[in-house]
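Colleague: Right, I'll just put the structure down here and ask away after.
The values are calculated or read from the model by the stated rules, or taken from the named source; none is laboratory data. These numbers come from a predicted model, not from an experiment. With ideal geometry, Cβ positions are generated from the backbone for all residues, glycine too; neighbour counts draw on all protein chains shown.
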């Protein structure tokens, strides 16, 4: 059953997984990116407030699956996700706010690494 509390627990465990992967750097994150991104898209579906994040995640997922994405395009997508995630932290539950802010920073840092 998908209750608000179960969604919160799921979101926090996904958040921990995503942060763990990204803390290890982009090569580590790339190994689990497809599955992780797809999971987030599913989690965010139906949440109008987080629709911009879901849309950008879908764009990133499609870019990675295409196999033809260049570093600059990926960097722009990660930077957009970083911005949206940092903004979303302000309205998140207290237990997720710090992790979302950190995720926003890590995504922005990753974008900078790709962007040169």
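Colleague: Looking at (1) in contact with a helix residue (DSSP H, G or I) (Cβ under 8 Å, 6 or more places away or on another chain); (2) part of a helix (DSSP H, G or I); (3) over 16 Å from residue 114 (Cβ atoms), which is the one condition that is false for residue 64?
Modeller: So the condition that residue 64 fails would be (3).
Colleague: Give the residues of region 67-90 that are part of a loop (DSSP other than H, G, I, E, B) and either in contact with a helix residue (DSSP H, G or I) (Cβ under 8 Å, 6 or more places away or on another chain) or surrounded by 19 or more Cβ atoms within 10 Å (Cβ to Cβ) (or both), sorted by residue number. Even if it seems obvious, please write down each step before you answer.
Modeller: Within region 67-90, the first condition is being part of a loop (DSSP other than H, G, I, E, B), and the residues that meet it are 67-70, 90.
Within region 67-90, 69, 90 qualify.
Colleague: Is it the case, given these coordinates, that residue 58 is out of contact with any strand residue (DSSP E or B) (no Cβ under 6 Å at 6 or more places or on another chain) and modelled with pLDDT under 80?
Modeller: no
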